[in-house]
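The values are calculated or read from the model by the stated rules, or taken from the named source; none is laboratory data. Just so we're clear, the structure is a prediction, and the values are computed from it rather than from any experiment. Counting neighbours? That spans all protein chains shown, and the Cβs are built from the backbone with ideal geometry, glycine included.
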């Protein structure tokens, strides 16, 4: 509809003019910086290649999506998730290409749990036979899986989960049962409407040795369970599943509740189709559900073999935390980019000390805006290198674990917890600081910060609440520091150990006030001073 | 749909049991506290009476509203807004009763600007004749009004508004014109779809004395303008209006953009119907639009009479800020109530130092939860008394102004700016702290915090950005302190003045280190120490 506003222009100098002027004043080589930050893992090349494909697809246009109802928004996300999978096949995308497409689309995909925690759990926790059976079904999307651990009444304390997986020694079957309402699985993404399978974490209940009528719990263990009929998509008899309803963000994903009523893990469609486990010399069919790479239940005797490393059960959570750490930089980079550009373009009030003939000042020229935005810009770079460091530690630990070397596991677990808490708090609070720095326009859809903020506000509490998991880090650090003090000359497992021991050796006989750090001139000394601070906080006695 | 979950109960002790036990441990008389806080202005009686009426209306049920699309959510809010008005007539509600209904409904009403800024501006800025004409139309909702001040490119700096109201001395008409895109009115609530009239704030352009072809601006002034046809509801010729689209919250209100193309303020439907202004001895008809209580333009000569107090133009903004200050307590009270109750009911991990046979600990028993929630509980009480203090100062200043005594205006303006910034920052950040303290469930719709947070996040930037208006407060305080130092013995205008002068007198010859405040035992000394701190920050030299 044409009207007189078609001919109007912004007041001068307009945004493009102002941005061009600001850019001309900078001596930073943007091309070079981009290559330095994002070329080593092919990010920039991949982004350009995948983006050009996505831009051709009308269903991926973000123009109208903010006006949709929650159910319609979910349906759109489902259509998009399927399309990305078809594009993956068509263009022979690698898993990294597919992830780039999801990043650019910026929906939390309804298939997110399938492509992340479901496949990772089967890969990491499944026995060789289980992986041989399930991985082709998962990778071809012949089955769609979710990850059902959290319950309505139980999140942080995984050992407190109520769902029972009782071993029926008569029928040699596991029986899943939700004894209470609080035992209801809750929050499980991709499960409310999309998935037909799930990793279900339940208390493993086995007959007590010598008293077959009495059961003892061996703690939470993961089972792979078909939860919906493959033809009708209805929940199987004895299972109730649904969508938990509205959330702060995440309207593109179907977080679920799920309860079991004495549900027996028996033959499933998929197992009938490929009866890999029918050979009793491996184990019986119901046993196929018990992910048994690290622990097992003898199908004849019901006797339990516990894992060498109980922490391995939480492997998928660590994987997700490491990814969250890596992801934070890009989230805050987007928010900060928006804030820097907008506060340059936005002008408000003339310079009181100027001649008052020119345009109003860019609001970024005000110290009250600079002190909010510029530290966040620096934080983005810190998050970038931190995320890369986290990935390196994660990958090398995974390699160790595959070799059944579990020495670095505790360090990696502690690092992923501490950094998940720190990085998501920095990014979540940073987005909101950026949003408010945009003034009124930060409240508008044009800011580009609404879905970003709504979705990201899950991060400080999801996958280990930020306040809770830092206590795990503290406990780990105190333990390592105590060990370092007791035997300062043993070889170190990791950087934390090594720096603790170095400090103890350096400080023996010296009081902290004798430490000299040239924090103004020497970058390495800034790091050393933080190491000293950390060590002192962890174990003040050691340095007194 | 009945299934096996109907018979399930929460694990024990359940929420009701836990809450009952906690309440039994408290010695606070809740009834008495409620009366103390909320009975003096009839809040509790009004709440009970209005709530019982609202609960009978199905359209006011909040059960499904979170699932609606933005357009449907707006339509629902419009239906509810109309219903509340009909209930007002039916039950002969006072304005306070109507506000209570809106508070309980908890939608930002599409009629909000009509019942708040529109009516307030006409009442405060209109001449006697203008009020006699417009107030009955406004109060009977025969016209629906909005308030259009902010522009796309201009918010904080009201003097920078671009919309022009040019006085055509030939036709004796004002001509509204938007010269640029950035001059577009923007964010104006109730105007996108609902209102047919608006207060439009525009630069008053009058011919320069002696050079009738040259125009000079006399700054922004409010005009009352019919913007839509009373029969078709279409924008009048020369006006473009629309809804600005998605926002962070406020999906229940139609924030607008609006532009004018040499739009002449001439006869309107309403003025034709009641030609109160047709008598040229008052002023000509186009002049009816120029709200002329404090300033005027002579319809014959075009000569401008400026207001005694230019700050009066911002009266409606001060009114809204004072209301925002008053409102903060109830918002944070709701969030804190949810957080306290939930963190008592929510149990996670057993007490490590206990015998490990009992239930898990309430998370409120953890210091990491207490240090987040309990200070906010105290803040609610502080906000309560602060809000009441703000209302008292606002009301007494309004009485002064009605008597044309403008002495207390600057103090009230500064107080409303400073407290608007402080109280909304405390409340907005407090809601988010409460939300995160709920762990994962804080991200769910069941938390009750989604719409509360989404709507409230407008507050730190709306009606004067929190960072910007505190600078106005600082400027005012420095000015008053300088005056107090120059003449410490003149009578004080207000509390700030008085405390500055008291401090200066008390301190003469003493250094701050000699001040002795018994902040542990004497409440009054806590206040005194903060006064000293404020005075020292405002004018360090005075106390050295």
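Data overview
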{"quantity": "Whichever residue in segment B:465-489 is more than 10 Å from every other protein chain (Cβ to nearest Cβ) and under 22 Å from the mean Cα position of the chain (by Cα) and, among such residues, is nearest to residue A:441 (Cα to Cα)", "calculated": "B:469"}
{"quantity": "Count of residues meeting criterion [surrounded by 11 or more Cβ atoms within 10 Å (Cβ to Cβ) and either part of a loop (DSSP other than H, G, I, E, B) or in contact with a helix residue (DSSP H, G or I) (Cβ under 8 Å, 6 or more places away or on another chain) (or both)] in segment A:32-42", "calculated": "7"}
{"quantity": "Meets criteria (buried (at least 18 other Cβ atoms within 10 Å of the Cβ) and either assigned to a helix (DSSP H, G or I) or free of Cβ contacts under 8 Å to residues at least 40 places away in the same chain (or both)) for residue B:102", "calculated": "yes"}
{"quantity": "Residue A:18 vs. criteria within 14 Å of chain B (Cβ to nearest Cβ), assigned to a helix (DSSP H, G or I), within 26 Å of residue B:178 (Cα to Cα) and touching a residue at least 60 places away in the same chain (Cβ under 8 Å)", "calculated": "yes"}
{"quantity": "Test set (1) in contact (Cβ under 8 Å) with a residue 40 or more places away in the chain; (2) out of contact with any helix residue (DSSP H, G or I) (no Cβ under 7 Å at 6 or more places or on another chain); (3) surrounded by fewer than 23 Cβ atoms within 10 Å (Cβ to Cβ); (4) within 11 Å of another protein chain (Cβ to nearest Cβ) - residue B:439 fails condition number", "calculated": "(3)"}
{"quantity": "Failed item, numbered, when residue A:232 is tested on (1) in contact (Cβ under 8 Å) with a residue 24 or more places away in the chain; (2) away from every other protein chain (no Cβ under 12 Å)", "calculated": "(1)"}
{"quantity": "Residue within segment A:24-31 that is within 30 Å of residue A:88 (Cα to Cα), without any contact (Cβ under 8 Å) to a residue 24 or more places away in the chain and either out of contact with any helix residue (DSSP H, G or I) (no Cβ under 8 Å at 6 or more places or on another chain) or exposed (fewer than 11 other Cβ atoms within 10 Å of the Cβ) (or both) present", "calculated": "yes"}
{"quantity": "Number of the condition not met by residue B:75 [criteria: (1) more than 25 Å from the chain's Cα centre (by Cα); (2) modelled with pLDDT of 95 or more]", "calculated": "(1)"}
{"quantity": "Residue match in segment A:470-486 (condition: closer than 23 Å to residue A:332 by Cα and either without any contact (Cβ under 8 Å) to a residue 60 or more places away in the chain or in the same structural domain as residue A:419 (by TED's automatic domain parsing) (or both))", "calculated": "yes"}
{"quantity": "Answer from B:408, B:396 - the residue that is farther than 30 Å from residue A:465 by Cβ, in contact (Cβ under 8 Å) with a residue 40 or more places away in the chain and in the same structural domain as residue B:317 (by TED's automatic domain parsing)", "calculated": "B:408"}
{"quantity": "Count of residues meeting criterion [in contact with a helix residue (DSSP H, G or I) (Cβ under 8 Å, 6 or more places away or on another chain) and surrounded by 21 or more Cβ atoms within 10 Å (Cβ to Cβ)] in segment A:70-99", "calculated": "2"}
{"quantity": "Of the criteria (1) away from chain B (no Cβ under 11 Å); (2) out of contact with any helix residue (DSSP H, G or I) (no Cβ under 7 Å at 6 or more places or on another chain); (3) in contact (Cβ under 8 Å) with a residue 12 or more places away in the chain, which one residue A:180 fails", "calculated": "(1)"}
{"quantity": "Meets criteria (at pLDDT 95 or above, in contact with a helix residue (DSSP H, G or I) (Cβ under 8 Å, 6 or more places away or on another chain) and away from chain A (no Cβ under 14 Å)) for residue B:387", "calculated": "yes"}
{"quantity": "Filter result for the condition that a residue is touching a helix residue (DSSP H, G or I) at 6+ places or on another chain (Cβ under 9 Å), closer than 30 Å to residue A:466 by Cα, away from every other protein chain (no Cβ under 12 Å) and modelled with pLDDT of 90 or more, over A:344, A:369, A:340", "calculated": "A:340"}
{"quantity": "Subset of segment A:452-489 [surrounded by fewer than 16 Cβ atoms within 10 Å (Cβ to Cβ), touching a helix residue (DSSP H, G or I) at 6+ places or on another chain (Cβ under 8 Å) and not in a helix (DSSP H, G or I)]", "calculated": "A:489"}
{"quantity": "For residue B:449: the one exception among (1) touching a helix residue (DSSP H, G or I) at 6+ places or on another chain (Cβ under 8 Å); (2) surrounded by fewer than 23 Cβ atoms within 10 Å (Cβ to Cβ); (3) within 11 Å of chain A (Cβ to nearest Cβ); (4) more than 26 Å from residue B:157 (Cβ to Cβ)", "calculated": "(2)"}
{"quantity": "Top-ranked residue in segment B:522-544 [being within 27 Å of residue B:390 (Cα to Cα) and outside any helix (DSSP H, G or I); ranked as modelled with the highest pLDDT]", "calculated": "B:522"}
{"quantity": "Test set (1) outside any loop (DSSP other than H, G, I, E, B); (2) more than 18 Å from residue A:254 (Cβ to Cβ) - residue A:56 fails condition number", "calculated": "(1)"}
{"quantity": "Candidates B:167, B:187 - the one that is outside any loop (DSSP other than H, G, I, E, B), touching a residue at least 40 places away in the same chain (Cβ under 8 Å) and closer than 30 Å to residue B:214 by Cα", "calculated": "B:167"}
{"quantity": "Scan of segment A:310-359 for residues that are at negative phi, surrounded by fewer than 17 Cβ atoms within 10 Å (Cβ to Cβ) and assigned to a loop (DSSP other than H, G, I, E, B), ordered by number", "calculated": "A:351, A:352, A:353, A:354, A:355, A:357, A:358, A:359"}
{"quantity": "Residue match in segment B:157-172 (condition: within 14 Å of chain A (Cβ to nearest Cβ) and under 20 Å from the mean Cα position of the chain (by Cα))", "calculated": "yes"}
{"quantity": "So residue B:98, is it closer than 30 Å to residue B:292 by Cβ and either in the same structural domain as residue B:251 (by TED's automatic domain parsing) or modelled with pLDDT of 95 or more (or both)", "calculated": "yes"}
{"quantity": "Criterion (closer than 18 Å to residue A:166 by Cα and either at pLDDT 95 or above or within 14 Å of chain B (Cβ to nearest Cβ) (or both)) met by exactly one of A:227, A:240", "calculated": "A:227"}
{"quantity": "Pick from segment B:256-268, criterion more than 8 Å from chain A (Cβ to nearest Cβ) and modelled with pLDDT of 95 or more, ranking: surrounded by the fewest Cβ atoms within 10 Å (Cβ to Cβ)", "calculated": "B:262"}
